[in-house]
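All remarks here apply to the structure that follows.
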Amino acid sequence: MTTTTTTLALLLSLAASPMVAFACPPSDTQTFVQSLDRASHVYVFRLMSLEVTDGKPFYSTLSGRITVVRTLKGGAPKASGVTYSIGCCNPKLSVGHYYLAAVSNDATVLELVPGDQSVIIVSDDFETKGGAGKTGAIEPVQDHLAGQPLPADFPGGYRLEATVSCPTPPPPR
């Protein structure tokens, strides 16, 4: 690589850096508990499919088909799809897994944003392994919706790390 090519590559990467930082979520992104407390609809869905819809190499948009398997709050949700972009602090969902959504609207497509914590993984609530040591999330959420406090560390770091690809701050004490 020549010096000119190296310099050009460095300048291009520096010029692109502000765009990368701009895509990261603001520091006031709601926690899952805040989303839950403000939600008009709380439901469990299973991700049935996921595909890249715009074909861009970076910051691609993913869209998937979901099936609502349980409603915890609000009427039967209209949601049948999910969409989000790949980038800084993007949501990360896996086909076949179950997720708990706490949303303030009843859209047909669940649109997730960078840093979005309105969705957490709850696949362990659907495992058929006898239940010993089970650390499910649905029961504490049901109890919370009925007026009980959530455990202090809810939803737990591993649930957030499984659904958001950026470091999550510890819950407020």
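The values are calculated or read from the model by the stated rules, or taken from the named source; none is laboratory data. Values in this document were obtained by computation on a predicted structure and should not be read as measured data. Neighbour counts run over all protein chains shown; Cβ positions are idealised from the backbone, glycine included. We work out accessible area using only protein heavy atoms, side chains counted, and drop any ligands, DNA or RNA first. Shrake-Rupley method; radii C 1.70, N 1.55, O 1.52, S 1.80 Å.
Structure notes:
- Residue in the range 97-113 that is modelled with the lowest pLDDT, counting only those that are surrounded by fewer than 21 Cβ atoms within 10 Å (Cβ to Cβ) and in a loop (DSSP other than H, G, I, E, B): 113
- Residue, surrounded by the most Cβ atoms within 10 Å (Cβ to Cβ), within the range 114-132, restricted to residues that are of a type in the set (S, T, N, Q) and either touching a Phe, Trp or Tyr at 6+ places or on another chain (Cβ under 6 Å) or at pLDDT below 85 (or both): 117
- Residues of the range 70-80 classified as surrounded by fewer than 18 Cβ atoms within 10 Å (Cβ to Cβ) and without any contact (Cβ under 8 Å) to a residue 40 or more places away in the chain, total: 6
Quick grid of which residues meet (1) assigned to a loop (DSSP other than H, G, I, E, B); (2) out of contact with any strand residue (DSSP E or B) (no Cβ under 8 Å at 6 or more places or on another chain):
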{"position": "46", "(1), (2)": "no, no"}
{"position": "50", "(1), (2)": "no, no"}
{"position": "64", "(1), (2)": "no, no"}
{"position": "67", "(1), (2)": "no, no"}
{"position": "70", "(1), (2)": "no, no"}
{"position": "78", "(1), (2)": "yes, yes"}
{"position": "88", "(1), (2)": "yes, yes"}
{"position": "95", "(1), (2)": "yes, no"}
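- Scanning the range 85-96 for residues that are more than 15 Å from residue 46 (Cα to Cα) and open to solvent by 50 Å² or more (accessible area, probe 1.4 Å) returns 85, 86.
- Looking only at the range 39-69, residues that are charged (D, E, K, R) and modelled with pLDDT of 95 or more come to 2 in all.
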